[in-house]
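Everything on this sheet refers to the single structure shown next.
The values are calculated or read from the model by the stated rules, or taken from the named source; none is laboratory data. This one's a predicted model, so the numbers in the text were calculated from it and none came from an experiment. When we count neighbours, we look across all protein chains shown, and the Cβ atoms used for this are built from the backbone with ideal geometry, even at glycine. Just so you know, the surface numbers come from the protein's heavy atoms only, side chains and all, with ligands and any DNA or RNA stripped out. Shrake-Rupley method; radii C 1.70, N 1.55, O 1.52, S 1.80 Å.
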Amino acid sequence: MACAVMKASLWTLIVCMLSLPHITAGSIISAAVNIELLDQDRSEQVRAHYSLVSTLPCPALDDVCNEVNCLDQLSSSPVKGVFPSPGWCLRQWQKTIPQNYTSTLQLGYDGAVSLYSRADLSVRSDTNSINQPPYVSLPPPVRIRAGCPQEIPVNVMDLDGDEIRCHYEKNGLGEFMRLNEETCTLLYEGGGYLGQYSVQIVVEDFPSSVKNQIHNEAKPFSTVSVHLLITVEGGGDCSTVPKFTGVSPAGGAVIHVLPFGEVHLNITVDSSVSEIAVIGPPGLFISPMETGRSSQSSVTLSWVRGPNQFAHLLSICFAANTQSLQSRIRCIWLQQTQTDPLPPGTELKCKERELQMSLVLPMSFLENLHVSDLQLNDPACPVSYNTTHVTTTFSLTGCGTKRTHLGSELLYTNTLRSINPNSTISRVATLILPLACRIPGQRAKAPAFKISIPSDVETFGAVSFWIEFYFPGEGPMAAETRLPHMRSLRSVRAAQELRSTGRMETLDLHVFSNCSLDRAELMVGSCVESDTQDFVNTRPLLNHGCAPGNGTFEILTSTSTVRIYRLDLSSLSVMGDTMYVECLVQLCVTTKQTQRCPDPCTETTDKTIVNSILTHNYTIRSGPVRLIKATETSTTTANPVAQPSINQVAAASSHTLERGAFWVVAVSLAVLLLQVMENFVEQFITD
């Protein structure tokens, strides 16, 4: 009897282990739907805007929307992210659907995700207009730390100012994840097993008069929904979560964007992170992440509102990720301000040859307006008027005209507005009129040429990178490290100087590549060191290939595929007896034999001619580096302190375990474990 009970319990444990969700290539991580009224009257349909985050490789539109009226909103390459593995990408599209509709999304063989939406198209008695459904934002993939209680806001907004409430449609984390239905905030209690859990939330809007009523007593106007796959991870300190600095936009902020308006945002984190994940509207530009000299990480976002059929309210959500931690997610809103149509007789001309823009505006459009208060971005530029029209002609390179890119077009924008010279509140009407000239990109005339950049393997071959550590004056580059020629002019300790306490004071970091291409140069972008293998807490060794002045000095070598850096360990504040190092590297080759690759420490000019070809960035890590001398003798061993191992070498191509192979291994281990336990139980009963 006891044997049978233990067998049943063991099978239950194994089934629980195998049933944990596992993110695989081609699966849905998160999705959301927002709906808006169509422009046509008496329509029983609505326009639905879908956003879906899936694992890499990024699916085609036909894979996620197999209906005929799907309109892709991909204006450029899709937004991508790194965490969780194997990485993710964002797809967005729209289609016309019935006012009460359930969309079923499915990729591959994973379970389908159903998104329900409903719109009330009748005229409201309190506003005398048709209700506008609420909006829900889609955040980057959510990661939480087991044992660390956390709030996860579900960012929502309603343009009618209605009361918004949320409730669960599905909760894979059960009692460990509560939902505050009034604030739409997920409250993680800190428990649960490691893995991925599905959470689906329905968002509804109610009249503001029901704010204090019980949820079940009120009937919602409309409904939208969002699906999240939350990853619960282990390890890490709850107090070391990355935090955004004051220059980053506050969560919940609303930015009003006029036609052809441009939005610029800076997102900065107070520490060095692996990525700043961003999800936003189509056409959002996200700059490469930069790490400042104070170890802050930042990205710049910009978005230009061109003619579009996007939702009136757009969200931008962002989070900072390290290898094992995620910051609190923030979301802001971009509200596309609606403008009145211009009256008949309005003329706006773009004179491309003269680089001028001219406007003729009927005076009938400016009733109750002091036309003498009208001005452009530059008040010094003239605006003329008579009894019938207001006119102005100004240069595209002056008068405060702004120039930016909108896809392949060059966009010139200015604004005609009325400025009230009095500081007191006035009932006089105001005018804000965006002006824009769109000049299409010049098409090259025959003969035309197409320039393509070869791949890393085509240019440099199948290359690898790795890290090794040696005592000064030892190793394969001993001749160059014994009496080193330093980039820095600061004094450096002699190669033989070591602490008498048994702890090493000086160590040489070697970065290698096996590239055999003539004139190829190894470039090290940044290096950090950590006391732990998961790199939760890091300290910079290099920033943009330059020593940050904290005890790191570059040793110049005659081999272009080797970089050596002397580390003054007494200045690095390494607390333990072991450290780990991570570096970002790439290869470079110039297009001319007489040139050299750009030096990130000295190059400051932005050249328009490309003189070199670079690989993608590769991340390499060292194994554990012991900081205690093996012996108390003054001589050191000729072997490197940390030999290159499999996890230190970054090759130009990598392979991941296929999903089928993963489950074969898991099931095999489970069956083997069951057999061992059965033999143990039977032997125990026999004894």
Exercise. Can you spot a residue in segment 472-488 that is under 31 Å from the mean Cα position of the chain (by Cα) and at pLDDT 90 or above?
Worked result: no
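Any residue in segment 434-445 that is open to solvent by 30 Å² or more (accessible area, probe 1.4 Å) and at pLDDT 90 or above? Steps first, answer last, please.
If we filter segment 434-445 for residues that are open to solvent by 30 Å² or more (accessible area, probe 1.4 Å), which is where we start, we get 434, 438, 440-445.
Next, only the ones that are at pLDDT 90 or above stay: 434.
Yes: segment 434-445 contains one or more residues that are open to solvent by 30 Å² or more (accessible area, probe 1.4 Å) and at pLDDT 90 or above.
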Exercise. Can you tell me which residues in segment 504-521 are assigned to a loop (DSSP other than H, G, I, E, B) and either touching a residue at least 12 places away in the same chain (Cβ under 8 Å) or open to solvent by less than 20 Å² (accessible area, probe 1.4 Å) (or both)?
Worked result: 504, 505, 514, 515, 516, 517, 519, 520
Exercise. If only one of 138, 186, 159 is part of a loop (DSSP other than H, G, I, E, B), open to solvent by less than 20 Å² (accessible area, probe 1.4 Å) and aliphatic (A, V, I, L, M), which one is it?
Worked result: 138
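For the condition under 21 Å from residue 206 (Cβ atoms), of a type outside the set (Val, Ile, Thr), in contact (Cβ under 8 Å) with a residue 60 or more places away in the chain and open to solvent by 60 Å² or more (accessible area, probe 1.4 Å), what is the one hit in 120, 126? Walk me through it before giving the result.
On the way: 120 fails: open to solvent by 60 Å² or more (accessible area, probe 1.4 Å).
Only one candidate passes the filter, namely 126.
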For this session: Tell me, yes or no, whether segment 143-152 has at least one residue that is open to solvent by 30 Å² or more (accessible area, probe 1.4 Å), at pLDDT below 95 and part of a strand (DSSP E or B).
Result: yes
Exercise. Can you name the residue in segment 92-107 that is out of contact with any Pro (no Cβ under 9 Å at 6 or more places or on another chain) and not in a strand (DSSP E or B) and, of all such residues, is least open to solvent (accessible area, probe 1.4 Å)?
Worked result: 99
Seminar exercise, completed: Checked segment 339-367 for anything open to solvent by less than 70 Å² (accessible area, probe 1.4 Å), farther than 17 Å from residue 402 by Cα and of a type outside the set (A, V, I, L, M, F, W, C); matches are 343, 345, 346, 362
For this session: Hey, can you tell me all the residues within segment 108-122 that are modelled with pLDDT of 90 or more, out of contact with any Phe, Trp or Tyr (no Cβ under 7 Å at 6 or more places or on another chain) and either part of a strand (DSSP E or B) or of a type in the set (Phe, Trp, Tyr) (or both)?
Result: 113, 114, 115, 116, 118
For this session: Search segment 73-97 for residues being at pLDDT below 85 and touching a strand residue (DSSP E or B) at 6+ places or on another chain (Cβ under 8 Å), and hand back the single one that is nearest to residue 275 (Cα to Cα).
Result: 78
For this session: Would you mind finding the one in 59, 86 that is open to solvent by less than 80 Å² (accessible area, probe 1.4 Å), assigned to a loop (DSSP other than H, G, I, E, B), of a type outside the set (Asp, Glu) and out of contact with any Gly (no Cβ under 8 Å at 6 or more places or on another chain)?
Result: 86
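Got a sec? Which of 288, 282, 259, 242 is of a type outside the set (S, T, N, Q), part of a loop (DSSP other than H, G, I, E, B) and over 17 Å from the mean Cα position of the chain (by Cα)? Before the answer, list the steps.
Numbers: 288 fails: over 17 Å from the mean Cα position of the chain (by Cα); 282 fails: over 17 Å from the mean Cα position of the chain (by Cα); 242 fails: over 17 Å from the mean Cα position of the chain (by Cα).
259 is the lone residue from the list that is of a type outside the set (S, T, N, Q), part of a loop (DSSP other than H, G, I, E, B) and over 17 Å from the mean Cα position of the chain (by Cα).
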Problem set entry | Unmet criterion (only one of (1) open to solvent by 60 Å² or more (accessible area, probe 1.4 Å); (2) more than 24 Å from residue 271 (Cβ to Cβ); (3) at pLDDT below 85) for residue 573 | (2)
Exercise. Could you say whether any residue in segment 375-397 is within 24 Å of residue 282 (Cα to Cα) and buried (at least 16 other Cβ atoms within 10 Å of the Cβ)?
Worked result: no
For this session: Specify which of the listed residues (345, 292) is modelled with pLDDT under 90 and either aliphatic (A, V, I, L, M) or under 30 Å from residue 153 (Cβ atoms) (or both).
Result: 292
